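The values are calculated or read from the model by the stated rules, or taken from the named source; none is laboratory data. Quantities reported herein were computed from a predicted structural model and do not represent experimental measurements. Here the Cβ is made from the backbone with ideal geometry for all residues, glycine too, and neighbour counts use every protein chain on show.
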Amino acid sequence: MAIRFRRIPLRDYFEFALADLAQRKLRTFLTSFGVTVGIGALTAMVGFGVGMQKNVTDNFTKLDLFNALTVLPDGFGAAAPARGRRGPDVRRPAPPKPESPLLDDAATARIAALPGVESAYPEVRFPAVIRWGRLEEFRLVQVVPARPGASRASSLAAGRMFANDEERAVVVSRGLLRQFDVPDPAKAVGATIEIAPLSLDLRGFDPSKLGSFLSGKGLPFKKEFSSFPIAGVMDGGGAGGPMGLGSDILLPPGPAAGMSKLPITNIWDLFRAGEGKLGYSAVNVRLASPGAAAAVRRAVREMGFSTFALIDQFEQIKTGFVIMDMFLAAIAMIAIFVASLGIINTMVMAVLERTSEIGIMKAVGASPRDIQKVFIFESSLIGLAGGICGIVLGWAVSRGINPIINYFGARQDLPALEYFRFPPWLILGAVGFAFLVSLVSGLYPARRAAKIDPAAALRHE
């Protein structure tokens, strides 16, 4: 009478797998380590992409850019192609149309009165020489009202923003203080800094010396320094609109109005000034909520102005991060593929070494399906252990790399950030993926073991 092989409980599969893997400790360790390296690379790279995306989203929220809108003279925001000397196309802003309305104080007031607009102020910057003791730096000074300046658009390292539009005080950036060899922002609060706006002085200008003027000698500029106490120190650049033009000095409108300065900060201001239509190059608008953006933009366009908002580019930025994540994951998949070959090699060797054992199991009634389960269970344990260790390895690598990135970022005046993120879906997905890869890698060795003839296996030495 034939002996019927009893059904193997899952616990026995687990015990069989652990016992066999324990007999081949070095081979099991090396195979699992291959999976660990692959999963560690995968989680670290994808975690970097996830971290960068979260940092961008958090910065948009922190800087309130979802509620930010920039109004420009009609046509000023468009890009026109130009040929550089080296051949490739260069994008430059197109000048505003001659018939476009003037973006002046009256237009700013009309924009501020629109439903859904919380505040609106012109983008005013002027070139100036900044002096601290005997050291001087040339910078663009930005004029910012107190209310927008106190918003989340400015992150202060020390001190405060100015209390009102008439307060005689300035807010400077940490980067500017480093240029003046002042590493501690707290020590700069309350100190005095001098500002000399660039302005024309034609009283001593001699037309007969036009040649020397054109050669850069005897330029009709003057420097009149005004002293201001430092009220606060910013972590980064200025609190302007989302145009990427941060300033190192913020000044309230009241003191700025009494300073003699050039109202020109870019080449297009020269064209508009020549037409008698200088106005403002931009007006920064803060919305009450992102939902008001469409209505406000429509109303602004009806006034004859153009609009720009970084929120329009946010979806493209997110798409770019998805592509970056896929690229990083594809690189890590090379290591996963090599690890899967290691699992296949290990399991094939296990089948060859356990041929006699397989013959005995079949002789006492084990079905080919039972044999398959034993080897698939072993390969799955290798992948599961490698996946868990890979998560730990990826996290440990990120802990070591993140301070290095922040160290070099600090030298460029960048704030410290968490560049790696490991959300639960990434951890569970990485472990599940390692388990799946090892499971698939064990299918061929398991089928090979199931097809072994029991009579030939018993004669195998």
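Filter the range 128-150 down to residues that are under 30 Å from the mean Cα position of the chain (by Cα) and in a strand (DSSP E or B) and give me whichever is surrounded by the fewest Cβ atoms within 10 Å (Cβ to Cβ).
Filtering the range 128-150 down to residues under 30 Å from the mean Cα position of the chain (by Cα) leaves 137-150.
Subsequent filtering for residues that are in a strand (DSSP E or B) retains 137-143.
Numbers: Glu137: 14, Phe138: 10, Arg139: 20, Leu140: 15, Val141: 26, Gln142: 24, Val143: 25.
By that ranking, first place goes to Phe138.
Can you pull out every residue in the range 259-285 that is surrounded by 13 or more Cβ atoms within 10 Å (Cβ to Cβ), at pLDDT below 70 and not β-branched (Val, Ile, Thr)?
Lys261, Leu262, Pro263, Trp268, Asp269, Phe271, Arg272, Ala273, Lys277, Leu278
Looking at (1) surrounded by fewer than 20 Cβ atoms within 10 Å (Cβ to Cβ); (2) at pLDDT 85 or above; (3) polar (S, T, N, Q), which is the only condition Ser119 fails?
Tallying (1) surrounded by fewer than 20 Cβ atoms within 10 Å (Cβ to Cβ); (2) at pLDDT 85 or above; (3) polar (S, T, N, Q), Ser119 fails exactly one: (2).
Any residue in the range 378-397 that is more than 18 Å from Val431 (Cα to Cα) and either in a helix (DSSP H, G or I) or at pLDDT 80 or above (or both)?
Residues of the range 378-397 that are more than 18 Å from Val431 (Cα to Cα), as a first pass: none.
No, the range 378-397 has no match at all.
When you scan the range 299-318, how many residues do you find that are assigned to a loop (DSSP other than H, G, I, E, B) and modelled with pLDDT of 80 or more? Write out each step before concluding.
Going residue by residue through the range 299-318, those that are assigned to a loop (DSSP other than H, G, I, E, B) are 303-304, 309-310.
Now narrow it down to the ones that are modelled with pLDDT of 80 or more: 303-304.
Final tally of qualifying residues: 2.
Looking at the range 286-326, which of the residues that are among the acidic types (Asp, Glu) and within 24 Å of the chain's Cα centre (by Cα) is surrounded by the fewest Cβ atoms within 10 Å (Cβ to Cβ)?
Keep residues of the range 286-326 that are among the acidic types (Asp, Glu), which gives 302, 312, 315, 325.
Within this subset, residues satisfying the condition of being within 24 Å of the chain's Cα centre (by Cα) are 312, 315, 325.
Working: Asp312: 12, Glu315: 9, Asp325: 18.
Ranking the candidates gives Glu315 first.
Do the conditions hold for Ala329, that is, is it within 30 Å of Ser438 (Cα to Cα), in the same structural domain as Gly47 (by TED's automatic domain parsing), in contact (Cβ under 8 Å) with a residue 12 or more places away in the chain and not in a helix (DSSP H, G or I)?
Working: within 30 Å of Ser438 (Cα to Cα): yes; in the same structural domain as Gly47 (by TED's automatic domain parsing): yes; in contact (Cβ under 8 Å) with a residue 12 or more places away in the chain: yes; not in a helix (DSSP H, G or I): no.
Spelling it out, it is not the case that Ala329 is within 30 Å of Ser438 (Cα to Cα), in the same structural domain as Gly47 (by TED's automatic domain parsing), in contact (Cβ under 8 Å) with a residue 12 or more places away in the chain and not in a helix (DSSP H, G or I).
What do you reckon, is Val431 surrounded by 14 or more Cβ atoms within 10 Å (Cβ to Cβ), modelled with pLDDT of 75 or more, aliphatic (A, V, I, L, M) and farther than 19 Å from Ala22 by Cβ? Walk me through how you get there before you give the answer.
Details: surrounded by 14 or more Cβ atoms within 10 Å (Cβ to Cβ): yes; modelled with pLDDT of 75 or more: yes; aliphatic (A, V, I, L, M): yes; farther than 19 Å from Ala22 by Cβ: yes.
Yes; evaluated as a whole, the condition is true for this residue.
Inspect the range 358-376 for any residue being surrounded by fewer than 21 Cβ atoms within 10 Å (Cβ to Cβ), modelled with pLDDT of 85 or more and assigned to a helix (DSSP H, G or I) and give the result as yes or no.
There is no residue in the range 358-376 that is surrounded by fewer than 21 Cβ atoms within 10 Å (Cβ to Cβ), modelled with pLDDT of 85 or more and assigned to a helix (DSSP H, G or I).
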